[in-house]
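Since the structure comes first, as structure tokens, the remarks are kept for the end.
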Number of protein chains: 2
Amino acid sequence: MKYGFANRVKHLQSSAVRDLLKIVEKGNVISFAGGLPDDNLFPVDAVKAAFEKSFHAEKSSLQYGTTEGYAPLREVIVEQMKENGIQSNIEEILLTTGSQQAIDLFARVMFNPGDVILTENPTYLAALQVFQSYEVKIVPVRSDEDGMLPDDLEYKMKKFKPKCIYVVPTFSNPAGKVWSLERRQFLLEMAKKKKAIILEDDPYGQIKFNSEEIYTPIAALDDGTHVLYTSTFSKTVVPALRTGWIKGPHQIIRMMSQAKQAADLHSNSLSQHALYHLCRDFDLDGHIQMLRKTYYERMRIMHDSLQAANIPGLSYVIPKGGMFLWVQLPEAMNAVNLLHQAVKQGVAYVPGAPFYVTDQKLNTIRLNYTHSSPEKLVKGMELLINVFAETEDHIYS
Amino acid sequence: MKYGFANRVKHLQSSAVRDLLKIVEKGNVISFAGGLPDDNLFPVDAVKAAFEKSFHAEKSSLQYGTTEGYAPLREVIVEQMKENGIQSNIEEILLTTGSQQAIDLFARVMFNPGDVILTENPTYLAALQVFQSYEVKIVPVRSDEDGMLPDDLEYKMKKFKPKCIYVVPTFSNPAGKVWSLERRQFLLEMAKKKKAIILEDDPYGQIKFNSEEIYTPIAALDDGTHVLYTSTFSKTVVPALRTGWIKGPHQIIRMMSQAKQAADLHSNSLSQHALYHLCRDFDLDGHIQMLRKTYYERMRIMHDSLQAANIPGLSYVIPKGGMFLWVQLPEAMNAVNLLHQAVKQGVAYVPGAPFYVTDQKLNTIRLNYTHSSPEKLVKGMELLINVFAETEDHIYS
């Protein structure tokens, strides 16, 4: 039988790259492709202890829960965000199945087909997929290393009257960049002036290499009316619990909560109980310090390999945190084509092209440094640089 | 600031009844309102042991998982469904955040605004809310105790050319009815003839009071092309793990899986690992036998109270399983109005009206008998019957 699908899923297609990478993850290839934390660094004992406590502390840990999520965990999140300068109360917080669901529910309650959203370019691929599924018009804003360019932002706010601006201002995925405070302030100012909402996606903010450095969330600059802020425990604790949250104006959070009730009633509440106990009983700050140090060292290995290789025309920004190193290859190189060759040599990455809304740069790649051991990083980079060097010889010979 | 929301959420409004019941659940009122299993019957030790095993059996239990869900659990589900006559393979199964998410993802990939879906009337309220959120036209089919009436079904299939028929044929929510085999066969025949899809929602099938009785799922009559079948571990194990599944043609499941990737990447995978171990190590069949027996006894208490009260004009069908007793009060009674009075007296229920697509019967109520202890069932029914009797005196005096 031939099945008729909804228009909104017409763009949903498995890409050749994704299919290739699925195979890669199963094999012996060293993969810099995924966005995974290192399972060897997971606080397994702490997670285990937290679950043990949850089974007995409250009977409700195994029963149906509220759509908004376990209130004591929302209180913990209020406290954690306060340390980052974000003021809130639990009525402004909805627990979600990872921050991915926060993006989806936000889009679900906000957008009619044809509504406009401004984004960085490149930006988080899976957010683009969500927006596309709601048939939203995505307009990219030009950026430099410090964030969206004020001129282009102002021009596009005027021209397209966007309902929302989606940004990953701290250690962006894929480009690994950090917005300056001035650019954050300017974006908020524009949003207020033009009555638009900012969706600030901050999954990586805690993974900063310099613990002293402060990257003020845009939500911390706001009076609680124009910014929705989403983050997750996936990078700081473990991903499998799929626990993220979104903070925003109660009116929007309430609507999202009603949409969530239809979507899945509520997220896994046992995990919410366990995360509450973990945040109370475990030195999560100390754990995050360890992650920062370890991931920094791994980033340095990757960076040092690239620097030593000294390939003309290859450039990158040294990340100040997060999980990704974003590389521009020499212009003549096509990262999608090169991927096949790289996989044959035993190493994989994600081509940068799909992260672009428009003006795809085919010579970009995203490298993840958090999931591989130092040994694999050294070996993988050696293989990868060989592929680049050979290709370069080929192009210029 | 005034926020502009999407059209699809305009119907999402907190109802007065829901708000009242939220308050009720926090107080000392005996509630027959929710659809909760009894937490005192949860297999806590088995769940605990299953989690303990998961932490150490496989490192992947805490890492990101696949969107489709943990393959060994999907294999267990294939085996379990086979016992119910449903043939499948793991490529046809998607794990979801409860079966609620299965309904949502199905609607998401199938429906354009204006598409038609046929349903029973009354039917599962939260499914109606999902369909409404995708701006689907919901057309109710007339039913009797054995399921949809063939004449009306045939007429509406012809007239409305529905893309889908949504049914809860075994211990329906709210009406607690069981379809006859003939009606199941007729529905499938009609679906095949008219190239429509059946979404068979079966959360309660395992909670049957006569273990020997066989209620063949419609999916077991199908050749795998026309029926999507969804169920859950929420009623047989515990709800908090939010683990349900949907089985259907690979082409649709694959599309739903791609939609799920955008919606939340994947459901809680630690719980999927734990459920796998629980199904292997624990006598789940024995546990379900205990649930059947216990819930049957509770249903009898409720039923006996109603019978003894002998209120003229009050009628109900004795459930053969599931979690609900569906009561028709005398015609002159309005269950929404009565609820306030009942709550004042210390007992709550859900008025039946919101479960109707059209032709709401204001004199219907849904009573849950699984969540209250026998003592509370006796006491609560006493209070409730007093409310009915007093109202009746008032009406007929």
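The values are calculated or read from the model by the stated rules, or taken from the named source; none is laboratory data. Given the structure is predicted, the values throughout are model-derived calculations rather than measurements. Ideal geometry is used to build each Cβ from the backbone, glycine not excepted, and the neighbour counts take in all protein chains shown.
Determine whether residue A:211 is at pLDDT below 95, in contact with a helix residue (DSSP H, G or I) (Cβ under 8 Å, 6 or more places away or on another chain) and more than 26 Å from residue B:12 (Cα to Cα).
Against the criterion (at pLDDT below 95, in contact with a helix residue (DSSP H, G or I) (Cβ under 8 Å, 6 or more places away or on another chain) and more than 26 Å from residue B:12 (Cα to Cα)), residue A:211 qualifies.
For segment A:221-266, how many residues are closer than 24 Å to residue A:34 by Cα and facing chain B (nearest Cβ under 7 Å)? The number of residues fulfilling the criteria is 5.
For segment A:293-304, which residues satisfy the criterion of being crowded, with 17+ Cβ neighbours inside 10 Å and out of contact with any Phe, Trp or Tyr (no Cβ under 6 Å at 6 or more places or on another chain)? Please lay out each step first, then the result.
Kept after step one, since they are crowded, with 17+ Cβ neighbours inside 10 Å, are these residues of segment A:293-304: A:295-296, A:298-299, A:301-303.
Within segment A:293-304, A:295, A:301, A:303 meet the criteria.
Listed by first and then second residue, the pairs linking a residue in segment B:189-204 that is buried (at least 23 other Cβ atoms within 10 Å of the Cβ) to a residue that is charged (D, E, K, R) and not in a strand (DSSP E or B), with Cβ atoms under 8 Å apart and 6 or more places separating them unless they lie on different chains, are B:197/B:163; B:198/B:222; B:203/B:235; B:204/B:235.
Per the listing B:273, B:277, B:303, the residue uniquely under 30 Å from residue A:232 (Cα atoms), more than 13 Å from chain A (Cβ to nearest Cβ) and assigned to a helix (DSSP H, G or I) is B:277. Can you find a residue in segment B:34-41 that is part of a helix (DSSP H, G or I) and within 10 Å of chain A (Cβ to nearest Cβ)? Yes, segment B:34-41 contains at least one residue that is part of a helix (DSSP H, G or I) and within 10 Å of chain A (Cβ to nearest Cβ). Filtering segment A:138-159 to residues that are surrounded by fewer than 14 Cβ atoms within 10 Å (Cβ to Cβ) and farther than 18 Å from residue A:174 by Cα leaves A:151, A:155, A:158, A:159.
Per-residue answers, yes or no, for (1) within 14 Å of chain A (Cβ to nearest Cβ); (2) touching a strand residue (DSSP E or B) at 6+ places or on another chain (Cβ under 7 Å):
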residue: B:85; (1), (2): no, no
residue: B:88; (1), (2): no, yes
residue: B:92; (1), (2): yes, yes
residue: B:102; (1), (2): yes, yes
residue: B:106; (1), (2): yes, yes
residue: B:111; (1), (2): yes, no
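Look at residue B:377 and say whether it is assigned to a strand (DSSP E or B) and under 24 Å from residue B:41 (Cβ atoms).
Spelling it out, it is not the case that residue B:377 is assigned to a strand (DSSP E or B) and under 24 Å from residue B:41 (Cβ atoms).
Might you let me know whether segment B:162-170 holds any residue that is outside any helix (DSSP H, G or I), within 14 Å of chain A (Cβ to nearest Cβ) and polar (S, T, N, Q)? The answer is no; no qualifying residue exists. In this structure, is residue B:48 basic (Lys, Arg), farther than 18 Å from residue B:234 by Cα and at the interface with another protein chain (Cβ under 8 Å from one of its Cβ atoms)? Judged against the criteria, residue B:48 is not a match. Remark: pairs (first residue in segment B:1-16, within 7 Å of chain A (Cβ to nearest Cβ); second residue modelled with pLDDT under 80 and in a loop (DSSP other than H, G, I, E, B); Cβ separation under 9 Å; 6+ apart in sequence or on different chains) = B:5/B:12. When segment A:355-397 is limited to residues that are of a type in the set (Asp, Glu) and touching a Pro at 6+ places or on another chain (Cβ under 8 Å), the one that is farthest from residue A:311 (Cα to Cα) turns out to be A:359. Would you say residue A:238 is buried (at least 18 other Cβ atoms within 10 Å of the Cβ), within 15 Å of residue A:86 (Cα to Cα), touching a residue at least 12 places away in the same chain (Cβ under 8 Å) and assigned by TED's automatic domain parsing to the domain that holds residue A:110? Spelling it out, it is not the case that residue A:238 is buried (at least 18 other Cβ atoms within 10 Å of the Cβ), within 15 Å of residue A:86 (Cα to Cα), touching a residue at least 12 places away in the same chain (Cβ under 8 Å) and assigned by TED's automatic domain parsing to the domain that holds residue A:110. For segment B:218-242, the set of residues classified as touching a Lys or Arg at 6+ places or on another chain (Cβ under 8 Å) and farther than 12 Å from residue B:197 by Cα consists of B:221, B:230, B:234, listed by residue number.
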